[in-house]
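A.B. asks: Have a look at the structure that comes next, please.
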Amino acid sequence: MALVLNDDEKMLHESAAGFFADNAPVSALRALRDTRDETGFSPKLWQDMTDMGFAGILVPEEQGGVDMGYMAAGLVAEQMGRNLTASAFLSTSVLAVAALKNHGSDAQKSEFLTKISAGDITVALAIDEGRKHNPAEISLSATASGNGFKLSGSKTMVIDGHIADHIIVAAKTDVGPSLFLLPADSEGVTRTRVIMLDSRNSAHIEFDNVEVTGAQMIGPLGGGEDVLSDVLNAGRAVLAAEMLGAASQVFELTTDYLKERKQFGRIIGEFQALQHRAAHLYCELEIARSSVYAALTALDIGANDASDCVAKAKAKLGCVARLVAVEAVQLHGGMGMTDELDIGLYLKRIRAAQELFGDSDFHMQTLMTEQG
Amino acid sequence: MTDLKEFRSQTRDWLEENCPAEMRVAMVREKDACWGGKNWVFQSEAQKTWLELMAAKGWTAPSWPKQYGGGDLSRAEAKVLGQEMERINARPPLHSFGIWMLGPALLKFGSEEQKLKYLPEICRGEIRWCQGYSEPNAGSDLAALATKAEDKGDHFLVNGQKIWTSYADQADWIFCLVRTDASGKKQEGVSFLLFDMQTPGVSTKPIKLISGNSPFCETFFVDVKVPKENLVGELNKGWTITKYLLTHEREMIGDQTKTKSLSQEIADMGITVGPVLQAKICEFEIDDWAFDQTMNRMLAEAKAGASLGAKSSMLKYYGTELNKRRYELLMDASGHDGLQWEGANSNDGELARLWLRTKGNSIEGGTSEIMLNIIAKHILQMPGA
């Protein structure tokens, strides 16, 4: 397995690191938060990301993308994690693209993938309905009506759902789950913005007899399980990469702090109790990094056990990123509790990312169920 | 790559033809692992033949140069050989501290004469080595070692004591750290000596462990005469060799390859576990998998030219702590059965004894705490560490 970066990936890593540090540092997230920005991310930044090729990083070249694969998408996400960059990358460029490129009709691909790689549209994925991620239990219904279907029910935790131009929604039909792609302003769709603890936005969306046609379906009728599996694998792996970036950054901020803060007339980094905690976190982060690279690579090569690898990586990052963030606050002492420092922002983003698309418990349950 | 394919098919054919059937079943008893040396009693004709055939190919030390008894294989070829041996469940032909520890030091720091003298007989399994590092008052603080070697003109005179010397009572020779200068910084007066365990003044005493076994000894030196030419590297520069060897050893301890997943192993024992333990096992397996990926990643990085350096401490720390966790979970799963100490039912308490043995994993070769110190100092660059 390619667990070390090739030359293209190294170049991408470098350019993404520079780009996000320059254009979307943590201060940009603070500004979005403090001005209660309506969009929740900067449209200008999204345009710049598009110009960098990030919006179409998974899109095939014939639809204007750069088609670099999941490892590449993960490297971009890692840098976004380091800088706490808010953007439509996960919802539009990862989740929506993963749904469309393998399962979309030719018409859907040529229209939507082309627009996504050009930065013309954003797309949100509406799956979850309850407190915890549970894609196996969908109650929003798609009832046959005329030539198409009527969607009824509600969705929650729809990332970027309040501003997305289009929505991909998972619905239950008589023959199994199906996914539909519809304009967000379709009649009967009501969106409520939810500002979350990490200063990002999700939406609660009501679907009241929303009419869709068969042509708006992604994949075959009742075949949503396969589509969802691909979409969620992509989302979970890239999210794990983002968590890796966030955890690595907050860890580095913490070791920097340990090297400058003085108490008892000494730099606190001299204390072995703190050194050992930091060294343990370092080890966990290295192990976590391998799990993320392995999951992204498994997706890129279409490994048979790709779903397992992704579940393990998301479970591992759920534990490790949480540990690192919680320890970062403690090791910063009182300063870690202040809004002035960025530590809390990392804690909050990691908390949200942990929960999204299944926490560690969810993925462990999946792995155990498979083993029987 | 086609070369590698061809190498694989040739290797496969050779192994099929030459590996005796008895050497293709799992090792059960301690003596099933062949350690070689003058005191070794082969357990079967097959064990002897297998060692001889593999040694003749240079495959007891596959990546060492041919002139020293190795197989001259590239890293990729050596990996293929390992895979092909695993495929037919072939036993390692030789377990050897000579190959794992002393060899790498001699290859890097030894004189040409020393390489030619010692390495070929190591590869042939004709000599068994032990490692004289730790002392009663120099454990984690290894550089505090006090075993003294005085310059007596044509020889060194060695006096002192070592502890935790693995299999010293069965070894032919020892590679040993001695103090040759006590005047300066403690790391700067250490030298690396080789000598015959039959030399007058050398004696050993096995240490009984909590597992009931005695793989380690106390080793005593009283006026032991060691020829000058047995010094490896420069006088008083033995610490460099030591650090190199410890790094090497830590990579190996961290990389204990398992063929079975923990849940598979437990299922094979006919055990069904409850949901709480199942969750702990699942958590372990995620870490175990991620650790394997890390070993692969580090190997790939090393292949790309990056030096592992202090990262070997991370592998040692994480790998040994994982192995301890693995055996805790196996004991949890085994319940009352795991408590059996004697009798055929439990193969004389095999699991219990292995569980106890793993407690030493995070102590030997540098404790977990020392590994964390090294990471804090060399990787995280913490002050005063």
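The values are calculated or read from the model by the stated rules, or taken from the named source; none is laboratory data. Please read these numbers as outputs of a predicted model, since none were measured by experiment. Every residue, glycine as well, gets a Cβ built from its backbone with ideal geometry; the counts of neighbours run over all protein chains shown. These area figures cover heavy atoms from the full protein model, side chains too; ligands, DNA and RNA do not enter into them. Shrake-Rupley method; radii C 1.70, N 1.55, O 1.52, S 1.80 Å.
A.B. asks: Surrounded by fewer than 16 Cβ atoms within 10 Å (Cβ to Cβ), among the β-branched types (Val, Ile, Thr) and in a strand (DSSP E or B) - does that describe any residue in segment B:174-183?
C.D. replies: no
A.B. asks: What number goes with the only condition from (1) in contact with a Lys or Arg (Cβ under 6 Å, 6 or more places away or on another chain); (2) more than 27 Å from A:His363 (Cβ to Cβ) that A:Ala144 does not pass?
C.D. replies: Tallying (1) in contact with a Lys or Arg (Cβ under 6 Å, 6 or more places away or on another chain); (2) more than 27 Å from A:His363 (Cβ to Cβ), A:Ala144 fails exactly one: (1).
A.B. asks: Any idea how many residues of segment B:359-379 are surrounded by fewer than 19 Cβ atoms within 10 Å (Cβ to Cβ) and more than 14 Å from chain A (Cβ to nearest Cβ)? Can you show your working first?
C.D. replies: The first filter runs over segment B:359-379 and keeps only residues surrounded by fewer than 19 Cβ atoms within 10 Å (Cβ to Cβ), leaving B:359-360, B:363-364, B:367, B:369, B:377-378.
Okay, now just the ones that are also more than 14 Å from chain A (Cβ to nearest Cβ), so B:359-360, B:363-364.
The number of residues fulfilling the criteria is 4.
A.B. asks: Here's another thing I want to ask about it. For segment B:97-109, does any single residue satisfy the condition of being under 22 Å from B:Gln67 (Cβ atoms), outside any helix (DSSP H, G or I) and not aromatic (Phe, Trp, Tyr)?
C.D. replies: no
A.B. asks: Same structure, new question: Condition check: outside any helix (DSSP H, G or I) and either touching a Ser or Thr at 6+ places or on another chain (Cβ under 7 Å) or under 21 Å from A:Gln354 (Cα atoms) (or both). Does A:Ser199 satisfy that?
C.D. replies: Details: outside any helix (DSSP H, G or I): yes; either touching a Ser or Thr at 6+ places or on another chain (Cβ under 7 Å) or under 21 Å from A:Gln354 (Cα atoms) (or both): yes.
The answer is yes for A:Ser199.
A.B. asks: Looking at segment B:108-127, is at least one residue under 26 Å from B:Thr367 (Cα atoms) and crowded, with 20+ Cβ neighbours inside 10 Å?
C.D. replies: no
A.B. asks: Something else now. Could you grab me the full set of residues in segment A:128-149 that are touching a helix residue (DSSP H, G or I) at 6+ places or on another chain (Cβ under 7 Å) and surrounded by 14 or more Cβ atoms within 10 Å (Cβ to Cβ)?
C.D. replies: Correct list: A:His133, A:Pro135, A:Gly148.
A.B. asks: Would you mind stating whether B:Asp154 is in the same structural domain as B:Phe220 (by TED's automatic domain parsing), in contact (Cβ under 8 Å) with a residue 12 or more places away in the chain and not hydroxyl-bearing (Ser, Thr, Tyr)?
C.D. replies: Numbers: in the same structural domain as B:Phe220 (by TED's automatic domain parsing): yes; in contact (Cβ under 8 Å) with a residue 12 or more places away in the chain: yes; not hydroxyl-bearing (Ser, Thr, Tyr): yes.
So B:Asp154 passes the test.
A.B. asks: Something else: How many of the residues making up segment A:334-360 are without any contact (Cβ under 8 Å) to a residue 12 or more places away in the chain and either in a helix (DSSP H, G or I) or within 14 Å of another protein chain (Cβ to nearest Cβ) (or both)?
C.D. replies: Selection size over segment A:334-360: 3.
A.B. asks: Within the bounds of segment A:202-218, is there any residue that is under 30 Å from A:Leu75 (Cβ atoms) and open to solvent by 10 Å² or more (accessible area, probe 1.4 Å)? It would help to see each step written out before you state the result.
C.D. replies: Step one: filter segment A:202-218 for residues under 30 Å from A:Leu75 (Cβ atoms), giving A:202-203, A:218.
Of the ones still in play, those that are also open to solvent by 10 Å² or more (accessible area, probe 1.4 Å) are none.
The answer is no, given that none of the residues of segment A:202-218 is under 30 Å from A:Leu75 (Cβ atoms) and open to solvent by 10 Å² or more (accessible area, probe 1.4 Å).
A.B. asks: Does segment A:263-280 hold any residues that are more than 7 Å from every other protein chain (Cβ to nearest Cβ) and in contact (Cβ under 8 Å) with a residue 24 or more places away in the chain, and which are they?
C.D. replies: Residues of segment A:263-280 that are more than 7 Å from every other protein chain (Cβ to nearest Cβ), as a first pass: A:263-266, A:268, A:271-274, A:277.
Selection gives A:Leu274, A:Arg277.
A.B. asks: In segment A:166-196, what count of residues is obtained for those that are in a loop (DSSP other than H, G, I, E, B) and either open to solvent by less than 70 Å² (accessible area, probe 1.4 Å) or closer than 17 Å to A:Phe357 by Cα (or both)?
C.D. replies: Residues of segment A:166-196 that are in a loop (DSSP other than H, G, I, E, B), as a first pass: A:174-175, A:184-188, A:196.
If we keep only those that are either open to solvent by less than 70 Å² (accessible area, probe 1.4 Å) or closer than 17 Å to A:Phe357 by Cα (or both) as well, we get A:184, A:186, A:188, A:196.
Matching residues across segment A:166-196 total 4.
A.B. asks: Please work out if A:Ala246 is part of a helix (DSSP H, G or I) and of a type in the set (A, V, I, L, M, F, W, C). Don't jump to the end; show me each part of the working.
C.D. replies: Numbers: part of a helix (DSSP H, G or I): yes; of a type in the set (A, V, I, L, M, F, W, C): yes.
Yes: the conditions hold for A:Ala246.
A.B. asks: Only residues that are part of a helix (DSSP H, G or I), more than 7 Å from every other protein chain (Cβ to nearest Cβ) and not aliphatic (A, V, I, L, M): list them for segment B:256-286, please. Explain how you work it out, then say what you get.
C.D. replies: Step one: list which residues in segment B:256-286 are part of a helix (DSSP H, G or I), which gives B:262-268, B:275-286.
Next cut, more than 7 Å from every other protein chain (Cβ to nearest Cβ) only: B:262, B:264-268, B:275-277, B:280-281, B:284-285.
Of everything in segment B:256-286, those that are part of a helix (DSSP H, G or I), more than 7 Å from every other protein chain (Cβ to nearest Cβ) and not aliphatic (A, V, I, L, M) turn out to be B:Gln264, B:Glu265, B:Asp268, B:Pro275, B:Lys280, B:Phe284, B:Glu285.
A.B. asks: From the residues in segment B:298-345 that are open to solvent by 30 Å² or more (accessible area, probe 1.4 Å) and of a type in the set (Ser, Thr, Tyr), which one is nearest to the other protein chains (Cβ to nearest Cβ)?
C.D. replies: B:Ser307
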